[in-house]
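Visitor: Here it is, the structure, as structure tokens.
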Amino acid sequence: MQLLKDRILKDGIVKPGNILKVDSFLNHQMDITLINEIGKEFKRRFADCPITKILTIEASGIGIACIAAQYFDVPVIFAKKAQSLNLDGEMYCSKVESFTHKKVYDVILSKKFLGPEDHVLLIDDFLANGCALLGLIDIVKESGATLEGAGIVIEKGFQNGGQKIRDMGVRLESLAIVDSMTDDSLTFRD
Ligand code: 5GP
């Protein structure tokens, strides 16, 4: 998505540890005009899928998922990060290792909101090593719902998450794939 790539080149900042900071437009301050175009683009790419729910993970996926959901006309559900687990059988649960915080979280979703009748689109801001997406895929599997695909705003193609997810046969649509980044250069996959 050219508009997004241009914005990353203009405002993205490369930080040590393979972190791309896009907090001036995507995941701290949010440029709603841009995110609206991102939502439309996800709809265009998944227009052939009978999506009934969009599933994301807190926190930074939520705003993006909500804007996209207006084009799909479906609810958004988000997996919550839980520090201590009170497993009462009413929650789907998976584990996610945070790339940015290097911590392992339990992520939970109420069973009330996802079941075998659902067709799910996963949405998140970044794909790095794939842990967040794999956690969400686990939850979808546990629920018996159909996974239609995953929409990612920025995939870091030099980390292995994208490869893992595609090798699982999941339809993965990333709007910008960064192939390399250094302090003064950033390249995208075509
Ligand atoms: P993964 O689980 O694929 O390793 O990492 C994905 C999650 O880590 C995303 O939900 C995102 O919040 C965070 N993340 C990974 N890489 C980056 C990055 O380069 N920049 C930012 N801002 N967040 C990232």
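The values are calculated or read from the model by the stated rules, or taken from the named source; none is laboratory data. Not measured: the values here are computed from a predicted model. Virtual Cβ from ideal backbone geometry, glycine too; neighbours counted across all protein chains shown.
Visitor: Can you tell me which residues in segment 2-45 are among the acidic types (Asp, Glu), in contact (Cβ under 8 Å) with a residue 24 or more places away in the chain and over 26 Å from His101 (Cβ atoms)? Outline the logic, then answer.
Guide: At the first step, the residues of segment 2-45 found to be among the acidic types (Asp, Glu) are 6, 11, 23, 31, 37, 41.
After this cut, where a residue has to be in contact (Cβ under 8 Å) with a residue 24 or more places away in the chain as well, the list is 31, 37, 41.
Answer for segment 2-45, where residues must be among the acidic types (Asp, Glu), in contact (Cβ under 8 Å) with a residue 24 or more places away in the chain and over 26 Å from His101 (Cβ atoms): Glu37, Glu41.
Visitor: Just a yes or no: is a residue in segment 118-139 at pLDDT 95 or above, of a type in the set (Gly, Ala, Ser), more than 15 Å from Ile54 (Cα to Cα) and loosely packed, with under 15 Cβ neighbours inside 10 Å?
Guide: no
Visitor: From the list Arg166, Arg189, exactly one residue is within 20 Å of Phe42 (Cβ to Cβ), more than 17 Å from the chain's Cα centre (by Cα) and of a type in the set (Lys, Arg). Which is it?
Guide: Being within 20 Å of Phe42 (Cβ to Cβ), more than 17 Å from the chain's Cα centre (by Cα) and of a type in the set (Lys, Arg) holds for just one of Arg166, Arg189, which is Arg189.
Residues checked against (1) modelled with pLDDT of 95 or more; (2) closer than 21 Å to Gln159 by Cβ; (3) surrounded by fewer than 18 Cβ atoms within 10 Å (Cβ to Cβ):
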{"residue": "Val22", "(1), (2), (3)": "yes, yes, no"}
{"residue": "Leu26", "(1), (2), (3)": "yes, yes, no"}
{"residue": "Ile35", "(1), (2), (3)": "yes, no, no"}
{"residue": "Glu41", "(1), (2), (3)": "yes, no, no"}
{"residue": "Arg44", "(1), (2), (3)": "yes, no, yes"}
{"residue": "Ala47", "(1), (2), (3)": "yes, no, yes"}
{"residue": "Ile51", "(1), (2), (3)": "yes, no, no"}
{"residue": "Leu55", "(1), (2), (3)": "yes, no, no"}
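Visitor: Kindly indicate the residue of segment 106-117 that is surrounded by 21 or more Cβ atoms within 10 Å (Cβ to Cβ) and within 13 Å of Ile57 (Cβ to Cβ) and also farthest from the ligand (Cβ to nearest atom) among those meeting that condition. Explain how you work it out, then say what you get.
Guide: Step one: list which residues in segment 106-117 are surrounded by 21 or more Cβ atoms within 10 Å (Cβ to Cβ), which gives 107, 109, 114.
Those still in the list that are within 13 Å of Ile57 (Cβ to Cβ) too: 107, 109.
Numbers: Val107: 11, Leu109: 16 Å.
If we take residues in segment 106-117 being surrounded by 21 or more Cβ atoms within 10 Å (Cβ to Cβ) and within 13 Å of Ile57 (Cβ to Cβ), then Leu109 is farthest from the ligand (Cβ to nearest atom).
Visitor: Name the residue that is nearest to the ligand (Cβ to nearest atom), counting only residues in segment 1-24 that are assigned to a loop (DSSP other than H, G, I, E, B) and aliphatic (A, V, I, L, M). Write out each step before concluding.
Guide: Narrowing segment 1-24 to residues assigned to a loop (DSSP other than H, G, I, E, B): 1, 12, 16-18, 22-24.
When the remaining residues are screened for being aliphatic (A, V, I, L, M), the result is 1, 22.
Working: Met1: 17, Val22: 6 Å.
Ranking the candidates gives Val22 first.
Visitor: Return the residue satisfying two criteria in turn: it lies in segment 53-64 and is touching a helix residue (DSSP H, G or I) at 6+ places or on another chain (Cβ under 9 Å) and touching a residue at least 40 places away in the same chain (Cβ under 8 Å), and of such residues it is farthest from the ligand (Cβ to nearest atom).
Guide: If we filter segment 53-64 for residues that are touching a helix residue (DSSP H, G or I) at 6+ places or on another chain (Cβ under 9 Å), which is where we start, we get 53-57, 61, 63-64.
This time we only want the ones that are touching a residue at least 40 places away in the same chain (Cβ under 8 Å), so: 53-57, 61, 64.
Details: Lys53: 19, Ile54: 15, Leu55: 13, Thr56: 9, Ile57: 6, Gly61: 6, Ile64: 10 Å.
Ranking the candidates gives Lys53 first.
Visitor: Look through Phe188, Phe158 and report the one residue that is within 13 Å of the ligand (Cβ to nearest atom) and among the aromatic types (Phe, Trp, Tyr). Walk me through how you get there before you give the answer.
Guide: Numbers: Phe188 fails: within 13 Å of the ligand (Cβ to nearest atom).
Just a single option satisfies the conditions, and that option is Phe158.
Visitor: Condition first: under 19 Å from Ile8 (Cα atoms) and either among the small types (Gly, Ala, Ser) or buried (at least 17 other Cβ atoms within 10 Å of the Cβ) (or both). Now tell me which residues in segment 149-161 satisfy that. Show your work before the answer.
Guide: Residues of segment 149-161 under 19 Å from Ile8 (Cα atoms): 151-159.
Those that are under 19 Å from Ile8 (Cα atoms) and either among the small types (Gly, Ala, Ser) or buried (at least 17 other Cβ atoms within 10 Å of the Cβ) (or both): Gly151, Ile152, Val153, Ile154, Glu155, Lys156, Gly157, Gln159.
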